Each structure stands twice: as C-alpha cells, then as structure tokens.
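**Q** The structure under discussion is supplied below as structure tokens; questions concerning it will follow.
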Amino acid sequence: SQQGEEDPQALSIQEGENATMNCSYKTSINNLQWYRQNSGRGLVHLILIRSNEREKHSGRLRVTLDTSKKSSSLLITASRAADTASYFCAFTQGGKLIFGQGTELSVKP
Amino acid sequence: EAGVAQSPRYKIIEKRQSVAFWCNPISGHATLYWYQQILGQGPKLLIQFQNNGVVDDSQLPKDRFSAERLKGVDSTLKIQPAKLEDSAVYLCASSWTTIAGVGPDTQYFGPGTRLTVL
C-alpha cells in the first residue's frame, strides 16, 4: 500500500490568515477524507469528498479534488489559534483507509 | 452519543514485557479498527473487524501482536513481547460499516493509548 504525500510538512501562520495543505496519491480512489489531530488526542473527521466531486465546503473548510492530477487540497480560511493541529488526508485502497504523513499547522495569535 | 473509549491512556513498559489495550466502540458500530501511529507519521491500520470477524490483518505483526473482538463489541489488542520499535500511539476507531468495493464509512477515533517501550 502507498501513503498519501502531504505538503508542506509544517506550516506556521498568523491568526486570520488562510492555510492551504496539499495531498497527493498514486492510485485510483473512491473518496478522500481529511482528519485533524490535536496534540495528544485522537483524530477527528473533518470532511469527505467523493471521486465524482471537485469541491466541497464545510464552514471555514474548503476541499478540492483533482482526480486527473491525483491531488487534493484543504483550505482553512480565517484561521484561529484553535486550528493548531496536525491535518491528515486519507483515502481508501483495498477497502482500507490509507493516511498521509500529515501537515503540522501552527496558528499564532 | 458517547465516543470511542480506550484505556489505558498511557503505558510505559520494558522491552520483552507484555501489554494489552482495550477499546469500546460507539454503540451500534459494526466495524472496529486498530491503528498504530508512530511519532511524526500518519496512522497505519493494524487490524479491522467486522462484528467479531477479522476483515484485514495484513499489516499486523502476528508473531507478537494479537487482537480479538469477542461478542462483536469491545476489543483488546495485545503485544507480547514488546520491542523498542513498538513505541507509538495505538488508536482505536469504529464505523457503522464497511461498504464492499468502496471502503470504510466515516471512522470515529478514540483518544489513543501512548505506549513507551524502554
């Protein structure tokens, strides 16, 4: 199995700025999901985008999916200090969820 | 609804010792997963249960790791004997089901157990 590749590995921004994280993968997928993990806590599901969708919104989150480029991006608008966390993309392969390495986001007040 | 429960939250053991982790999934969730997350990496699936049957254990080091889900509800993951490289966070997750050919439904994760092997 192959993990997703995420970039950047780490991102530091000021509160109020937008944060963009990218994920690339190498195989065909049915859907792609994004998860958030706060320090010392489990993962929280943020959003799922299906292979026949190109863009999806949820509150301050915007996810895009380009199946021709095998890539997805997560945009967090008007970031807050509480958004500080690690963000992981995950896609299904062989019936199981494969996670990327994650992007560590730090939002400074 | 109550979330996925895991215990203990932290465990420190010496190499070659044994350790067990417990997970209670969200009520009604048929599918239960155990993941290993090494520091700085994404979670890696160790084993997946559908009710009390194993769906996928291809990445479980079976010479030292074992897991069971008796009665199709809660589950235990055991490591015996532990090695230094087993130091990681062990995450349990559950979902309503796994859709054949599509993959797992949205998974809900517990807080994890942080294992340190000295």
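**Q** Look at B:LEU84 and say whether it is under 30 Å from A:ASP7 (Cα atoms), aliphatic (A, V, I, L, M) and open to solvent by 20 Å² or more (accessible area, probe 1.4 Å).
**A** yes
**Q** Consider A:SER86 against the criteria (1) buried (at least 17 other Cβ atoms within 10 Å of the Cβ); (2) touching a helix residue (DSSP H, G or I) at 6+ places or on another chain (Cβ under 7 Å): it satisfies all of them except one. Which criterion is unmet?
**A** (2)
**Q** Can you tell me which residue within the stretch A:57-68, out of those that are part of a strand (DSSP E or B) and open to solvent by 40 Å² or more (accessible area, probe 1.4 Å), is nearest to the other protein chains (Cβ to nearest Cβ)?
**A** For the stretch A:57-68, the residue satisfying everything is A:SER58.
**Q** Could you grab me the full set of residues in the stretch B:38-49 that are open to solvent by 20 Å² or more (accessible area, probe 1.4 Å) and in contact (Cβ under 8 Å) with a residue 24 or more places away in the chain?
**A** Within the stretch B:38-49, B:ILE38, B:LEU39 qualify.
**Q** Looking only at the stretch B:54-67, filter to residues that are in contact (Cβ under 8 Å) with a residue 12 or more places away in the chain and either assigned to a loop (DSSP other than H, G, I, E, B) or not β-branched (Val, Ile, Thr) (or both); which one of those is surrounded by the most Cβ atoms within 10 Å (Cβ to Cβ)?
**A** Across the stretch B:54-67, the extreme among qualifying residues is B:ALA67.
Residues are listed down the side, and each one gets a yes or a no for (1) open to solvent by 30 Å² or more (accessible area, probe 1.4 Å); (2) at pLDDT below 90; (3) out of contact with any His (no Cβ under 9 Å at 6 or more places or on another chain):
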{"residue": "A:SER12", "(1), (2), (3)": "yes, no, yes"}
{"residue": "A:GLU17", "(1), (2), (3)": "yes, no, yes"}
{"residue": "A:THR27", "(1), (2), (3)": "yes, yes, yes"}
{"residue": "A:TYR35", "(1), (2), (3)": "no, no, no"}
{"residue": "A:VAL44", "(1), (2), (3)": "yes, no, yes"}
{"residue": "A:GLU55", "(1), (2), (3)": "yes, no, yes"}
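**Q** Has the stretch A:73-84 got any residue that is closer than 23 Å to B:LEU91 by Cα and part of a loop (DSSP other than H, G, I, E, B)?
**A** Yes.
The values are calculated or read from the model by the stated rules, or taken from the named source; none is laboratory data. Since the model is a prediction, treat every value here as computed from it, not as a measurement. Every residue, glycine among them, receives a Cβ derived from its backbone with ideal geometry; neighbour counts consider all protein chains shown. Only protein heavy atoms, including side chains, enter the accessible area calculation; ligands, DNA and RNA are left aside. Shrake-Rupley method; radii C 1.70, N 1.55, O 1.52, S 1.80 Å.
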